[in-house]
Amino acid sequence: MFEIVFLGTSASAPSIRRGLPSAVVLHNEQRFMVDCGEGTQRQLLQSGLGFKRLDKILLTHGHLDHILGLAGLLSTLMRWETLEQFTIFGGRSALERVEDLIYRIVLRDAKTAVKLHFTEVKPGQLFEDRSFELSAFSVTHRGSGNFGYLFREKSHRPFLADQAEALGVPFGPERKHLVAGKSIVLADGRVIQPDEVLGPLVEGTTFAMVGDAARIDNLIDPIYGADALVIESTYLNVEAELAQAYGHLTATQAAQLAREAGVQQLILTHVSRRYPERDVLAEARTIFPRTVVARDFDHYRIMKDKALLRVIDTPAEEESYVSA
């Protein structure tokens with residue numbers, strides 16, 4: 001299971017109810033912030049997540065509405081020295097812009113105990129622990145160095161505690177060995193094989209996140225079969241030409257991608273102030289019914305072969321809109 005908390009869901013500029021792009025993905029003890037628009041640290045506090053264990057940021061690209069919040073966030077973290085190290089993942093052009101922001105504006109000649117790491121993203125695996133892996137794939141947008149991210153749980157065989165109890169397997173390292181696929185010898189000389197206490201293989205959850213994008217044909221393969229897809233929906237189809245001119249997607253295109261890639265759930269974000277949320281949702285659901293539009297502070301749980309679970313539902317959208 002993965003969780004995602006949206007901190008900002010607006011496109012290009014904030015609105016009354018939507019901040020600039022940012023979200024936090026959670027899996028067990030791991031936390032990854034994806035993008036960090038202006039005002040993110042306040043959103044982070046208001047969400048209740050706080051700064052605990054937040055030591056990794058994934059940048060989808062280097063445009064200012066996706067990175068300016070790093071200045072304030074890192075200034076706070078480095079002042080408090082709550083972290084020993086902090087890693088920023090991004091394409092080369094995004095990292096160069098962020099390094100200028102941090103070293104020329106935030107730090108200048110100041111010293112900090114927090115070790116900053118800048119990791120250039122290229123297509124392929126970025127991170128792995130015992131339960132999941134994170135990989136990156138290329139995305140077409142304005143300029144170079146744009147990436148989407150795929151979070152994939154590793155398949156596993158569940159430990160059957162009742163069966164182990166019946167066989168007399170004690171608690172402790174013996175059970176760990178069996179989970180690791182190793183046989184054990186009990187005190188009475190019986191040999192217990194892993195197959196005797198492990199259930200059938202369970203496929204892990206797969207979750208894809210895409211920031212700004214100009215086309216969908218090259219995204220089908222990287223996200224194919226994902227249990228959930230988060231992706232931008234800046235324009236409605238009535239302004240498809242404008243979307244193409246600025247390198248963005250329409251709600252129609254996002255829904256078409258979800259359908260063609262066989263994903264289970266679609267979550268739209270990066271919503272323009274020019275459209276009512278209900279219109280964005282209606283356009284996408286015509287093509288892909290299992291669609292929701294994210295709002296700031298929405299908290300979702302994403303599980304294999306299960307409906308998307310919204311943990312926190314934000315208030316209904318207001319009926320007046322600011323055009324942009």
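Read-outs throughout are calculated quantities, based only on the coordinates presented, and are distinct from any laboratory measurement. Please read these numbers as outputs of a predicted model, since none were measured by experiment. Counting neighbours? That spans all protein chains shown, and the Cβs are built from the backbone with ideal geometry, glycine included.
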Seminar exercise, completed: Candidates 297, 118, 171; GNM for the chain (alpha-carbon contacts under 10 Å) flags as most fluctuating 171
Exercise. Against the longest alpha carbon principal axis of the chain, how many degrees, from 0 to 90 and to the nearest 10, is the axis of helix 277-287 turned?
Worked result: 60
Problem set entry | Gaussian network model of the chain, springs between alpha carbon atoms under 10 Å - residue of 148, 189, 69 with greatest fluctuation | 189
Seminar exercise, completed: Around residue 55 (Cβ within 9 Å, Cβ-to-Cβ, excluding residue 55; K/R +1, D/E -1) the net charge comes to +2
For this session: List the aspartates and glutamates whose Cα lies under 13 Å from the Cα of residue 182, skipping any in the same chain that are fewer than 8 positions away.
Result: 174, 195, 196
For this session: Tally the DSSP beta bridges in the chain and give the antiparallel ones as a percent, rounded to 5.
Result: 60
Exercise. Over the chain, what relative contact order in percent results from Cα pairs under 8 Å that are six or more residues apart?
Worked result: 16
Exercise. Looking at the stretch 22-91, what % of its DSSP beta bridges pair antiparallel, to the nearest 5?
Worked result: 55
Seminar exercise, completed: Too long for a 23 Å Cα-Cα cut-off, among 115/176; 154/176; 154/304; 56/154; 52/176, are 115/176; 52/176
Seminar exercise, completed: Toy charge model, Lys and Arg Cβ at +1, Asp and Glu Cβ at -1: the chain dipole around Cα centroid in debye, rounded to 20, equals 500
For this session: For residue 1 and residue 119, compute 0.36 nm times the residue count separating them, minus their Cα-Cα distance, and round to one decimal in nm.
Result: 39.9 nm
For this session: Place +1 on the Cβ of every Lys and Arg and -1 on the Cβ of every Asp and Glu in the stretch 159-281, take the dipole about the Cα centre, and give the residue among 224, 245, 258 whose Cα lies farthest towards its positive end.
Result: 245
Seminar exercise, completed: Expected unfolding gain across residue 160-residue 176 under the 0.36 nm per residue rule, minus the alpha-carbon gap, is 4.5 nm
For this session: Compute the acute angle (0 to 90°) between the alpha-carbon long axis of helix 251-260 and the principal axis of greatest extent of the alpha-carbon atoms of the chain; round to the nearest 10°.
Result: 30
Problem set entry | Choice from 114, 191, 24 with maximal GNM fluctuation in the chain (Cα, 10 Å cutoff) | 191
Exercise. So how long is each side of the stretch 241-307 along the principal axes, counting just the alpha-carbon atoms, biggest first, in Å?
Worked result: 37, 29, 19
For this session: Quick one: check the C-alpha center-to-center distance for the stretch 26-58 versus the stretch 121-156, whole angstrom.
Result: 18
For this session: Give a residue-ordered list of calculated ³J(HN,Hα) values for the stretch 215-232 (Karplus: 6.51 cos²θ - 1.76 cosθ + 1.60, θ = phi - 60°; whole Hz; x for Gly, Pro).
Result: 8, 10, 4, 8, 9, 4, 5, x, 10, 4, x, 4, 6, 8, 10, 9, 8, 5
Problem set entry | Degrees between helix 69-80 axis and first principal axis of the chain (Cα, 0 to 90, nearest 10) | 50
Problem set entry | Packing-based ranking, highest mean first, of 154-162, 261-269 given that Cβ atoms within 10 Å are counted | 261-269, 154-162
